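See below for the structure under consideration.
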Amino acid sequence: MKHSNDISRRKFLKRSSKYSLATALTANSVGMLGLLNASDALSEPDDPNDHKALVFLILTGDNDCLNMIMPTCSGVLRSNYEVGRGIVALPQEGLHSLYLVAPATVFDSSDSSEFAMHPSCAALA
């Protein structure tokens, strides 16, 4: 007997939605959705300073991470950035300096604490 592995996109989506619904119903029926409140069970109920939050950042558009945080030192790290980024490398003027608690170890195992954020990321600096 020959088994066919061919499945249409419509069949795949139909089966996936059925399995997802069945999984959600099963989890609800055995009480596993209570795990969502696990942080409440682990925290002290009378502690007003105990606050846990799960924060989602939904970014719309593209994020060019190599132009979000960039080196500002005058050494090899900055020159590698400028050569690698070419015409999209940002000049140091107008960048928002970062004040690191400890120097960051970069790709070549050297340490640097001179970095800055993109001009549009002032609130994050």
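Each value in this text was obtained by applying a stated rule to the coordinates, not by laboratory testing. Here the structure is a predicted model, which means the values were calculated and not measured. Cβ atoms come from the backbone with ideal geometry, glycine included; neighbour counts cover every protein chain shown.
With the simple model of a label 7 Å out from the Cα in the direction of the Cβ, ALA123 to CYS73 spans 3.1 nm.
Here the label points at SER17 and VAL106, each 7 Å from Cα along the C-beta direction, are separated by 5.1 nm in the simple model. For a test of the definition: using alpha carbon positions, the gyration tensor, and the 1.5 limit on a/c, classify the range 65-124 as rounded, prolate or oblate. Note, shape of the range 65-124 comes out oblate. Look at THR72, THR105 and count the other Cβ atoms within 10 Å of each Cβ; fewest to most, that gives THR105, THR72.
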